[in-house]
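What follows draws every value from the coordinates through simple rules; no lab data is involved. Note that this is a predicted model, so its numbers are computed, not measured. Neighbour counts are summed over all protein chains in view; Cβ atoms, including those assigned to glycine, are modelled from backbone coordinates with ideal geometry.
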Amino acid sequence: MLEIKKVEPPTFFKSWVKDKKDSQRLREFILEKEQQHVCCYCEKGITPDNSDSHLDHVRPQHRFPKLKNDYRNLVVSCQTPGRCGIAKKSKFDDHFIVPTEENPEDYLTYFINGEIRAIDNNKKANVTIEMLNLNAPRLVEVRRALFRQLNDMKNSIADFEIYFNEYPTFIKYFKESFNKPTEHASR
């Protein structure tokens, strides 16, 4: 899950608030300026045409109407069936990790089998993983395969970013951990 550092809203944001006609443009802006062109939740790459993504209100607009047009409450999520914003729908829990306000890396860690887990069985992490279905079988499989690829390339670690632009938090974890035997890297 990606930590989102919100920037100043784009100049056209006021018109989006008024008529919601610039949604595509707003998604593109957020993806480019804040999210490295990946889903804020699973970090899967999102294509430039945004047909595989949507604007997600981290805190659902029907439950938090005052945040409906708050730029800091908007992220871009993939539309993968069964996970991320599609799984989250309009659910929210006080124990959900809000990626625009806190760093998910403080709560979540990765295992070489592709799973993402709570650090110290943290409740926020467990709620978030479950709500977003971050251990969906296909996602776990992709991360496990990525681990194998990264492990094969570990002698050229500087080149990772050239070849891999998805799953940046997983790659960061790998870069920081692969030389250091840890509880997480050994599983």
Under the 0.36 nm per residue contour assumption, what length would be gained going from the current alpha-carbon distance of N151 and N121 to full extension?
8.1 nm
Measuring from label point to label point, each 7 Å out along Cα→Cβ, what is the K5 to D52 span in nm?
2.7
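Could you tell me which of the pairs K68/K88; K33/K89; K5/K172 are separated by over 22 angstrom between their Cα atoms in the structure shown? Could the numbers behind the result be given before it?
Values: K68/K88 17 Å; K33/K89 24 Å; K5/K172 17 Å.
The pairs that break the limit, which is 22 Å between Cα atoms, are K33/K89.
Using only DSSP helix segments of four residues or longer, with each worth -39500 (n - 2.57), what per-residue ellipticity at 222 nm results for the chain after dividing by its residue count and rounding to 500? Numbers along the way, then the final one.
Numbers: 7 runs with 63 residues, N = 187.
Calculated mean residue ellipticity at 222 nm is -9500 deg cm²/dmol.
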Can you give the three extents of the C-alpha atoms in the range 13-177 along their principal axes, from longest to shortest, in whole Å?
52, 34, 25
